[in-house]
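Engineer: Following this message is one structure expressed as structure tokens.
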Amino acid sequence: MYQRILDEVDVGVHAVDETGKTIIYNKKMMQMEAMDKQDVLHKNLLDVFMFKDHQSSTLVKAIQEGKATNNVKQTYFNNRGREITTINNTIPIFAGGKLQGAVEIAHDVTKLEKLLKGNMNTNGSTRYTFDSITGTSPAIQEVVEAAKRASRTSSYVLIVGETGTGKELFAQSIHNASSRFSGPFISQNCAALPDNLIESLLFGTKKGAFTGAADHPGLFEQAQGGTLLLDEINSLNLNLQAKLLRVLQEKTIRRIGDTKDTPIDVRVIANMNEDPIDAIANNRMRKDLYYRLGVVTIFIPPLRERKEDIPLLVQKFIEKYNDRFSMQVKGLSEEVQQAFLEYDWHGNIRELEHIIEAAMNIMIDEEIIQYAHLPFQFRNRMKLKERMIPISSAQNFIEETRETIVPLKEQLEQFEKSYIKEVLKKNDYNISKSAKLLGLSRQSLQYRMRKLMIDSIQH
């Protein structure tokens, strides 16, 4: 009867003794893992199944730590390399105060996981997982580990980082690694809409609340069972922040014009591009909302603080646009690599990607991105100290005119003319080389030469 019950329940049951050997393995678990009972029973778990790098068996962990875990998603491989994904409740078993083993109750989500992965690029909701985060620097790895730990719970998360650092990528990764991964993921930029619209969008409306109002669920109701990402949370006015705080505390919402509260089960992740302490000090964020949202606070480092990751990011973007543009670009020239490492990247990873895309747009058959391929706006912002040419003649010009005061505009034009002539002379009046050194496009240099009446040939 005991064996029949185990085989009839619609969940996988897998138990091991204190050494990790399987002692119970029911029929549902056999179906989920596509394994025969004799391949698993009385064998050490780690001799049968394989786990991804940096991951371990939840059963083995229960034996080692003596702690129960609930709703943990685990992906592993059977003895034929087939990938399996389950949601597990794992409980250590004690008798007389001594650990005897552990039992795992597993729900199969392998098909759903594959379906989600297959639809990630088309369903418009979530595309990113922790595997999408590129970087081996200690700065980014520490943040990834913190985010992975946060994915195990349903606590609210506040992600802080400059524009372009990948805040939404982290938010989606946390959602997809959590037990809510099969639920909806809804993202809303709080700065994109006026206050009156954002309130009805978040909380919903009741028919008759105002002219033209209809029964319409808000984003909290639409995200039921999943995750709601509120981007630029500090752009909400303080009154709306107070209403949001009430929702987070009470876990209920009330539609505009309604008289009843509706329970919600939604995990909120909020993003902001400034330090929350500064936002509070400047009255852009309520202190109590920060304390409620910031149960888990993740600070994403800017790219200038993790420059060792630039080569990996560059290669990732080159592969992305090789596939999109049907190109065969292999990498960067040494000059461009050095320039990238010197630059401060105020636009962070987003700026780096845009520059790679722009450079590949003007390449034809070349395999290496050269300095000349980079957009001239970027070259203007580069630190060009090593590429700059001494301007002794311009300095002499300033000394000579020190006694004669002229309008600033006129002096700047004369200085610009003198400097451009010096650069042209050093490059034997080669327009392309001179433009490259000046950080200008060829067309821009020719325009300036015409404007300043500089001859394009040497006299």
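Engineer: Looking for whichever is in contact (Cβ under 8 Å) with a residue 12 or more places away in the chain, at positive phi and of a type in the set (K, R) here; the options are K251, K167, K207. Which one fits?
Structural biologist: Numbers: K167 fails: at positive phi; K207 fails: at positive phi.
Among K251, K167, K207, only K251 is in contact (Cβ under 8 Å) with a residue 12 or more places away in the chain, at positive phi and of a type in the set (K, R).
Engineer: OK, next. In this structure, is L202 touching a Phe, Trp or Tyr at 6+ places or on another chain (Cβ under 7 Å), within 28 Å of I349 (Cα to Cα) and either among the hydrophobic types (A, V, I, L, M, F, W, C) or modelled with pLDDT under 90 (or both)? Spell out the reasoning first.
Structural biologist: Numbers: touching a Phe, Trp or Tyr at 6+ places or on another chain (Cβ under 7 Å): yes; within 28 Å of I349 (Cα to Cα): no; either among the hydrophobic types (A, V, I, L, M, F, W, C) or modelled with pLDDT under 90 (or both): yes.
Against the criterion (touching a Phe, Trp or Tyr at 6+ places or on another chain (Cβ under 7 Å), within 28 Å of I349 (Cα to Cα) and either among the hydrophobic types (A, V, I, L, M, F, W, C) or modelled with pLDDT under 90 (or both)), L202 does not qualify.
Engineer: Let me ask you something else. Are there any pairs with C-beta distances below 6 angstrom linking a residue in the stretch 356-370 that is outside the structural domain of L332 (by TED's automatic domain parsing) and more than 10 Å from I318 (Cα to Cα) to a residue that is surrounded by fewer than 16 Cβ atoms within 10 Å (Cβ to Cβ) and modelled with pLDDT under 95, with the two at least 6 apart or on different chains, and if so which?
Structural biologist: Short answer, once both residue conditions are applied: none.
Engineer: Being at pLDDT below 90 and among the hydrophobic types (A, V, I, L, M, F, W, C) is the filter; apply it to the stretch 85-129 and report the residue that is farthest from V40 (Cα to Cα).
Structural biologist: M120
Engineer: Which ones in the stretch 68-82 are within 18 Å of V13 (Cα to Cα) and surrounded by fewer than 14 Cβ atoms within 10 Å (Cβ to Cβ)? It would help to see each step written out before you state the result.
Structural biologist: Applying the first criterion (within 18 Å of V13 (Cα to Cα)) to the stretch 68-82 yields 68-78.
Across the stretch 68-82, the qualifying residues are A68, N70.
Engineer: Using beta carbons and a limit of 6 Å, which pairs, at least six apart or on different chains, have the first residue in the stretch 313-334 and within 18 Å of D131 (Cβ to Cβ) and the second one assigned to a loop (DSSP other than H, G, I, E, B)?
Structural biologist: Pairs that qualify, where the first residue is within 18 Å of D131 (Cβ to Cβ) and the partner is assigned to a loop (DSSP other than H, G, I, E, B), are L313/T134; K316/T134.
Engineer: Now for a different question. Filtering the stretch 314-347 down to residues that are among the polar types (S, T, N, Q) and assigned to a loop (DSSP other than H, G, I, E, B), which residue is surrounded by the most Cβ atoms within 10 Å (Cβ to Cβ)? Talk me through it step by step, then tell me what you get.
Structural biologist: Step one: list which residues in the stretch 314-347 are among the polar types (S, T, N, Q), which gives 315, 322, 326, 328, 333, 337-338.
Among the residues that remain, those that are also assigned to a loop (DSSP other than H, G, I, E, B) are: 326, 328, 333.
Working: S326: 7, Q328: 9, S333: 15.
Of everything passing the filter in the stretch 314-347, S333 is surrounded by the most Cβ atoms within 10 Å (Cβ to Cβ).
Engineer: Any residue at all in the stretch 422-435 that is crowded, with 18+ Cβ neighbours inside 10 Å, modelled with pLDDT of 85 or more and in a loop (DSSP other than H, G, I, E, B)?
Structural biologist: Checking the stretch 422-435: not a single residue is crowded, with 18+ Cβ neighbours inside 10 Å, modelled with pLDDT of 85 or more and in a loop (DSSP other than H, G, I, E, B).
The values are calculated or read from the model by the stated rules, or taken from the named source; none is laboratory data. What you see is a predicted model; the values in this text were computed from it and never measured. Cβ atoms come from the backbone with ideal geometry, glycine included; neighbour counts cover every protein chain shown.
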